[in-house]
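> Before we start, here is the structure in question, set down as structure tokens.
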Amino acid sequence: MGARTEGALVWDKRDDMVVHESEPYNAEPPRGALADQVLTATDTFYSRNHGPIPRLEPTSWRLRFDGMVDGARDFSLDQLRTEFAAHTVLATLQCAGNRRAGLIEVRDIPGEDPWGPGATSTAQWSGVRLSDVLAAAGLSPGAAHIAFDAPDVSQLADPPQSYGASIPVHKALGAETLLAWAMNDQPLPAVHGAPVRVVVPGHIGARSVKWVQRITAQRQPSDNYFQATAYRLLPAEADPSQAGPGDGLSLGAVAVNSDILRPDDGASLPAGPTEVAGYAFAGGDRGVARVDVSVDGGRTWRQAELDDQRSPWAWQHWRCTLTLPGGEVEIIARAWDTSAAAQPESPAQLWNPKGYVNNSWARVHVTVDR
Ligand SMILES: Nc1nc2c(c(=O)[nH]1)N[C@H]1C(S)=C(S)[C@@H](COP(=O)(O)O)O[C@H]1N2
Ligand SMILES: [Mo]
């Protein structure tokens with residue numbers, strides 16, 4: 001219990017966070033805490049860290065742009081604020097390890113945390129467009145990838161190295177991709193990347209590099225461990241300890257996913273109408289088209305009521321009032337996206353050695369009074 005509370009206090013998180021690790025801090029809110037509001041309060045927003053959290057001094061911090069640009073250039077936080085227009089984007093971050101616990105139930109995934117549905121949260125991010133700063137730096141036409149480097153050193157990387165990632169240049173030039181210094185109208189907290197982080201809406205959280213200090217325009221994706229080797233989907237039979245750069249497929253846009261936030265898994269409910277509620281999210285340029293709910297193992301479905309989409313980059317909450325049969329009941333949900341892709345039924349079909357992208361049907365088990 002000590003570590004749980006301590007981690008939450010140090011990082012200004014609510015004290016009921018589910019702390020998977022306290023050093024480095026890795027924690028998600030309980031599922032009910034994500035229900036109903038589009039915005040996740042900053043003290044409730046999950047946090048995923050691969051190394052010790054740096055505390056950077058905002059006045060001496062510089063962001064270097066180099067590689068395939070007109071000439072290497074450093075920007076201070078003041079320069080970013082005064083030389084470029086400020087923009088705000090409402091965007092969901094979803095970790096590629098969100099809902100990994102469901103894959104671990106199929107087969108163990110040593111060395112990876114059993115994230116539930118809470119490695120997904122939504123904030124209002126404010127800062128400047130990466131595209132505006134790249135234009136000022138003079139991006140060369142041959143650049144195909146924009147790489148990000150941060151100072152936090154991860155012992156989990158092979159060899160140990162600082163965190164980095166990259167995105168294709170067309171995503172970097174999208175109006176939604178930000179260099180953000182504020183989260184929910186407050187200065188970015190240290191644990192979320194102060195003074196400035198990248199926010200890449202619609203892509204896996206791993207690309208939204210925190211504490212960014214260097215941005216490089218280049219022909220190839222980043223050769224950082226977290227881009228070249230980790231956050232890649234390996235075939236089920238692969239040995240992850242043998243995986244090298246370029247193995248498996250690189251994860252970018254988030255696949256359609258949803259989970260049930262209410263009732264809680266394991267809840268005991270009175271007989272009568274029960275409101276089932278949750279979130280659904282589809283990355284890339286896709287949106288959520290429909291959410292179905294079933295209490296008979298997927299033989300029949302009811303359509304949930306889906307909230308309006310507040311931003312092309314944000315999740316949508318949904319709800320559905322059901323009269324559940326008495327006894328043990330499994331409640332299932334599945335979302336469809338605007339490309340007509342639906343969540344697949346079974347986590348067994350999706351199992352992969354690093355436990356990424358579990359977007360199988362959401363399931364909670366409850367006991368209903370007779
Ligand atoms: N520098 C740095 N950036 C990082 C990480 C990290 O460990 N170091 N973790 C990444 C991962 S995997 C995710 S899911 C998101 C989580 O962002 P959050 O902690 O603000 O929720 O940050 C990404 N950016
Ligand atoms: Mo992540």
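> Determine ³J(HN,Hα), in whole Hz, for all residues of the range 342-349 in sequence, where each value follows from phi through the Karplus function 6.51 cos²θ - 1.76 cosθ + 1.60 and θ = phi - 60°; x replaces Gly and Pro.
Going residue by residue, I get 10, 5, x, 5, 10, x, 4, 6 Hz, with x marking Gly and Pro.
> Quick one: if you stick a label point 7 Å off each Cα along the C-beta vector at D78 and E275, how many nm between them?
Inter-label distance under the simple model: 5.0 nm.
> Would you mind calculating the gained length between D158 and T323 on full extension (0.36 nm times residue separation, minus the Cα-Cα distance), in nm to one decimal?
54.2 nm is the gain from fully extending D158 to T323.
> Towards the positive end of the charge dipole of the chain, with charges on Cβ (+1 Lys, Arg; -1 Asp, Glu), say which of S131, G102, L306 has the farthest Cα.
Going by the charge dipole, the pick is S131.
> For G138, what is the net charge nearby, where nearby means another residue's Cβ is under 10 Å from its Cβ and Lys, Arg count +1, Asp, Glu -1?
So the environment of G138 carries a net charge of 0.
> If you don't mind, another one. Based on DSSP H runs of at least 4 residues, each adding -39500 (n - 2.57), what is the mean residue ellipticity at 222 nm of the chain after dividing by all its residues, to the nearest 500 deg cm²/dmol?
-2500 deg cm²/dmol
> Could you give each residue of the range 84-95 its phi-based ³J(HN,Hα) in whole Hz, using Karplus coefficients 6.51, -1.76, 1.60 with θ = phi - 60°, and x for Gly or Pro?
Couplings: 10, 6, 7, 9, 10, 10, 8, 9, 8, 9, 10, 6 Hz.
> How much length is gained if the chain between A35 and D239 is pulled fully straight, taking 0.36 nm per residue apart and subtracting their Cα-Cα distance, in nm to one decimal?
Length gained, A35 through D239: 69.7 nm.
> For F226, F281, what ranking results if the residue with the fewest other Cβ atoms within 10 Å of its Cβ goes first?
Ascending number of Cβ neighbours within 10 Å: F226, F281.
> Hey, another quick one. Can you bin the range 111-263 into rounded, prolate or oblate? Criterion: square roots of the alpha carbon gyration tensor eigenvalues sorted a ≥ b ≥ c, rounded for a/c under 1.5, prolate for a/b above b/c, oblate for the rest.
oblate
> For the range 354-363, what does the Karplus curve 6.51 cos²θ - 1.76 cosθ + 1.60, with θ = phi - 60°, yield as ³J(HN,Hα) per residue in whole Hz, taken in order and with x for Gly and Pro?
9, x, 9, 6, 7, 10, 5, 2, 6, 9
> Can you tell me how much longer the chain between D369 and D108 gets when fully stretched, taken as 0.36 nm per residue apart minus their C-alpha distance, in nm with one decimal?
90.6 nm
> Check which residues have an amide H placed less than 5 Å from R232's amide H, if you skip close sequence neighbours.
none
> While we're looking at this one, here's another question. Just how large is the dipole of the chain about the Cα centre, in debye to the nearest 20, putting +1 at every Lys and Arg Cβ and -1 at every Asp and Glu Cβ?
Once rounded to the nearest 20, the dipole reads 600 debye.
> Within the set of other residues whose C-beta is less than 13 Å from the C-beta of Q186, count the net charge using Lys and Arg as +1 and Asp and Glu as -1.
-3
> Quick one: Cα centre-to-centre distance for the range 275-292 and the range 66-98, in angstrom?
28
> Which three extents, in whole angstrom, do the alpha-carbon atoms of the chain cover along their principal axes, largest first?
That works out to 71, 46, 44 Å along the principal axes.
> Per residue, how big is the convex hull of the range 82-181 when only Cα atoms are used? Give it in Å³.
Taking only Cα atoms, the range 82-181 has a hull volume of 145 Å³ per residue.
> Order these peptides, 52-60, 193-201, by their mean beta-carbon neighbour count within 10 angstrom, highest first.
Order by mean packing, descending: 193-201, 52-60.
Bear in mind that the values in this text are calculations on the coordinates, not laboratory data. All of these numbers come straight from a predicted model, not from anything done at the bench. Glycine gets a Cβ as well: all are built from the backbone with ideal geometry, and neighbour counts include every protein chain shown.
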